[in-house]
Amino acid sequence: MPVADFEPVIGLEVHAQLLTRTKIFCGCSTAFGAAPNTQVCAVCLGLPGALPSLNRAVVEMAIKAGKAFGCKISNRSIWARKNYFYPDLPKGYQISQYEIPICAGGFVTVPGLGKIGLERIHLEEDAGKNVHAEGGSEVDLNRSGTPLIEIVGKPELRSAEDASEYLKSLRLALIYLGINDGNLEEGSFRCDANVSVRPRGAEKFGTRVELKNINSFRFVRQAIDYEIGRQVEAIEKGEKIRQETRLFDHEKGVSRAMRSKEEANDYRYFPEPDLPPLVVAQEWIDSVAVPKLPNQVMDELLAAGVPAADARTLIADPRLASVHRRIGGDPRRAALFVVGELARAVNEKEADLGTLKFDPLLVLEVFRLQDSGAISSTAAKEVLAELIRSGKAPQQIVQEKGLAQVSDSGALEAVVDAVIARNPGEVEKYKGGKKNLLGFFVGQAMKDLKGKGNPGVLNGLFKSKLGE
Ligand SMILES: [Zn+2]
């Protein structure tokens, strides 16, 4: 059977670091990049007798995710010990949630794919990090005890491309919720993929293989595609797929077996004796506000008439979407400014979306100046560029740069008269029917006015003077 006769079945498990200032069970900082083993204490080192105490902010963020993704939030969930030995886990166990997670069910909305179901979202602590170097391996425990949510998706994805789209949507949603920074390189958003194949039309799932710690969207596609091909080839040869965990080597483009996959009972889960059940009152759940998710913002932009391409650019970065919202006015015009002038200024390092120099409300002021004829459309672009750079008031920029447009017909009339007086030949031809000479006259007047005449007013003046 060729690959096309097989159907891939993919489910993703995402570990997302929560953006709290301190760790889940102690007061140590979660800041990334500190010198190794400087952000540790007895609790997150797992020293005997040290007792965990739960960080409330962690629970709040899990509730936010649960509400945003339509999960059922448990009023009472329990902590469990997940036991295993690893050098970056000095306690010998991870505090996680097993039998009753804080969130169950729900879905992630993925453009083009619709709703992809979730099994659960649970809270847990991260382990430390093994750092492998030339001279040997070292352990950095700064990350030990960093709060995570694990978002377990249902096996509803059917291609590597879909898996990548799902991950992008999930990542962006977590960023919009303000609970994860979406930083794949620093490992604050990481993914394991469960992949199996089955003959098309079959009900039963094939044996699944887990691909560990994939840290880029490109690798997700590569690793899953490779795994699908590998499994189909093995089945073709009459081999059995082994349930195992594999690591993808993105340099060689192949995966290798890491260990045979643990069954849940290999971890000897049992309720964590040092922590009481996590009780979350309904009032608490109700009080947690959930910001709009990217797909909701997208729908609103499209409904407001913003072109789809502009809308996609806007939602891809919540900071752009936020500037757009704060500008107000006509959403289409504001979108043009954000994906045009502003995006260009950011690309050219004239603006930083993290620390904007201008008040977005002032953009409307520039639009008003343009609409009233006080400045030309060319001048408006210049004012907007300067507004982005300096944040100065639009009126001030117009004055400083001498961009005011002459719209006063009294002042323009003298110029129009002069142009008519010095071009008798063209005036004759115009009156004889060559109406396209109007552009020539307006051009001459603009020259006299050094480009600051209002072309609309000039047009009208020439027409009335030359007899329409
Ligand atoms: Zn600590």
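Cβ-Cβ contacts under 6 Å between residues 6 or more apart (or on different chains), taken from a first residue in the range 233-246 that is in contact (Cβ under 8 Å) with a residue 40 or more places away in the chain to a second residue that is open to solvent by less than 30 Å² (accessible area, probe 1.4 Å) and in a strand (DSSP E or B), are absent. Among the candidates R326, R312, the residue that is in contact with a Pro (Cβ under 9 Å, 6 or more places away or on another chain) and over 21 Å from E386 (Cβ atoms) is uniquely R312.
From the list G49, G92, G106, the one residue that fits, being farther than 19 Å from H15 by Cβ and away from the ligand (no atom under 16 Å from the Cβ), is G92. Kindly indicate whether any position in the range 224-237 is touching an Asp or Glu at 6+ places or on another chain (Cβ under 8 Å) and either under 27 Å from I100 (Cβ atoms) or not in a strand (DSSP E or B) (or both). Scanning the range 224-237 turns up no residue that is touching an Asp or Glu at 6+ places or on another chain (Cβ under 8 Å) and either under 27 Å from I100 (Cβ atoms) or not in a strand (DSSP E or B) (or both). Residues that are touching a Ser or Thr at 6+ places or on another chain (Cβ under 9 Å), closer than 15 Å to I375 by Cα and either at pLDDT 90 or above or of a type in the set (V, I, T) (or both): does the range 406-428 have at least one? No. Of the residues making up the range 132-161, those that are open to solvent by 20 Å² or more (accessible area, probe 1.4 Å), out of contact with any Pro (no Cβ under 9 Å at 6 or more places or on another chain) and on the phi < 0 side of the Ramachandran plot are H132, A133, E134, G135, R143, K154, P155, E156, E161. If you filter the range 74-116 down to residues that are among the aliphatic types (A, V, I, L, M) and open to solvent by 20 Å² or more (accessible area, probe 1.4 Å), you find that the one that is nearest to E272 (Cα to Cα) is I78. Reported count of residues in the range 21-44, each being open to solvent by 40 Å² or more (accessible area, probe 1.4 Å), near the ligand (Cβ under 7 Å from one of its atoms) and in contact (Cβ under 8 Å) with a residue 24 or more places away in the chain, is 1. Yes or no: L369 within 28 Å of A404 (Cβ to Cβ) and assigned to a helix (DSSP H, G or I)? Spelling it out, L369 is indeed within 28 Å of A404 (Cβ to Cβ) and assigned to a helix (DSSP H, G or I). Just to be sure before I move on: is N180 within 16 Å of the ligand (Cβ to nearest atom) and open to solvent by less than 40 Å² (accessible area, probe 1.4 Å) in the structure I sent? It is false that N180 is within 16 Å of the ligand (Cβ to nearest atom) and open to solvent by less than 40 Å² (accessible area, probe 1.4 Å).
The values are calculated or read from the model by the stated rules, or taken from the named source; none is laboratory data. If you're wondering where the values come from, they're calculated on a predicted model, not measured in any experiment. Quick reminder, even Gly has a Cβ in these numbers, built from the backbone with ideal geometry, and neighbours come from all protein chains shown. Just the protein is used for accessible areas: all its heavy atoms, side chains included, with ligands, DNA and RNA removed. Shrake-Rupley method; radii C 1.70, N 1.55, O 1.52, S 1.80 Å.
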